[in-house]
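Enquirer: Starting off with a structure, shown below.
The values are calculated or read from the model by the stated rules, or taken from the named source; none is laboratory data. Worth saying up front: this structure is predicted, and the values here are computed from it rather than measured. Cβ: placed from backbone, ideal geometry, glycine included. Neighbour counts: every protein chain shown.
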Amino acid sequence: MSVQKPTTSKSKQTTVQRLSAPYIRSLKGASPIVSLTAYHAHTARIIDPYVDFMLVGDSLGMVMHGFDSTVPVPLDLMIMHGAAVVRGSSRALVVVDMPFGSYEESKELAFRNAARIMKETGCGAVKLEGGSYMAETIQYLTERGIPVMGHIGLTPQSVNTMGGFKTQGRVKEEWAAIEKDAKDIDKAGVFAMVVEGVAEPLAAKLTKLVIAPTIGIGASKECDGQILVLEDMLGLSPWVPKFVKEFGQIGAAIEGAVELYAEEVRNRTFPSEAETYKMLTKDPKAKPENKPVSKPTKTKKRPASS
Ligand code: KIV
């Protein structure tokens with residue numbers, strides 16, 4: 001299978017075609033893989049030029065829908081958000097998470113639901129959690145045309161059996177089982193695997209052990225790539241784990257803008273002339289009156305009729 005390569009210009013990459021799962025796989029050892037979660041069309045559009053793949057993670061249940069864990073997330077919700085992210089992006093590979101209960105029961109059920117996700121969202125791959133016990137399912141899906149990303153280490157859908165969101169491999173006795181997970185899903189054909197919440201030396205060992213690239217989240221710089229939840233790295237989440245670096249302070253920016261809006265509505269300075277429609281003039285030579293007079297911003301104004 002040939003692997004498409006993007007052209008790159010400084011930190012912003014440009015390409016005419018979407019990146020594929022085999023392309024992501026080919027980056028191992030060549031270039032660090034950049035990825036973020038995306039849940040809606042407009043953030044997908046913004047991050048699209050900068051990431052190799054975006055993940056419609058089931059973390060959207062916690063980040064956007066107020067659930068305590070990812071366990072209650074339904075398949076239809078993943079499909080709705082997945083389709084929005086595909087519509088909003090054009091370049092990066094879109095990977096959609098298979099939610100809890102949609103794939104564990106049998107490889108046939110997993111295929112039916114993964115095929116539904118791919119048909120109804122237009123995404124290029126799915127992700128599912130689990131180690132050795134999911135290998136047979138992963139092989140079944142990949143042999144039938146569904147690129148699969150694995151997810152090992154801390155697997156949030158198992159929060160109830162793990163007794164919480166617990167980091168993994170911080171004592172040597174835990175390593176063998178996680179190494180076996182990595183080897184088994186690698187052999188089954190994952191094109192990449194998320195390694196979540198593991199100690200750095202284990203991440204380094206796993207990365208050397210497997211052919212597929214490892215994508216770390218809370219798993220140190222030893223992985224082949226990194227992923228973060230977008231809202232966490234933007235400073236929009238009320239609480240973030242130790243491994244998150246806030247690269248922006250969007251929460252504070254939203255609060256500042258909303259505070260200003262409330263003040264301007266209350267003191268009647270918004271809307272001003274610039275945001276107000278006047279009567280249409282019948283004189284064809286007259287200056288158009290609906291032209292915005294405020295400072296230009298990056299946001300385009302919608303046509304006056306909408
Ligand atoms: O659901 C999600 O956002 C994820 C990432 C944490 C990798 O699985």
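Enquirer: Of all residues in the stretch 179-215 being touching a strand residue (DSSP E or B) at 6+ places or on another chain (Cβ under 6 Å) and either at pLDDT below 95 or among the β-branched types (Val, Ile, Thr) (or both), which is surrounded by the fewest Cβ atoms within 10 Å (Cβ to Cβ)?
Expert: 207
Enquirer: Only one of these conditions is not met by residue 119: (1) in contact (Cβ under 8 Å) with a residue 12 or more places away in the chain; (2) within 25 Å of residue 47 (Cβ to Cβ). Which number is it?
Expert: The single condition residue 119 does not satisfy is (1).
Enquirer: Turning to a different aspect of this structure: Could you list, in sequence order, the residues of the stretch 224-277 that are touching a strand residue (DSSP E or B) at 6+ places or on another chain (Cβ under 9 Å) and exposed (fewer than 13 other Cβ atoms within 10 Å of the Cβ)?
Expert: 245, 247
Enquirer: Can you find, within the stretch 115-133, the residue that is nearest to residue 146 (Cα to Cα) among those that are assigned to a helix (DSSP H, G or I), within 19 Å of the chain's Cα centre (by Cα) and of a type in the set (A, V, I, L, M)?
Expert: Among residues in the stretch 115-133 that are assigned to a helix (DSSP H, G or I), within 19 Å of the chain's Cα centre (by Cα) and of a type in the set (A, V, I, L, M), the one nearest to residue 146 (Cα to Cα) is 118.
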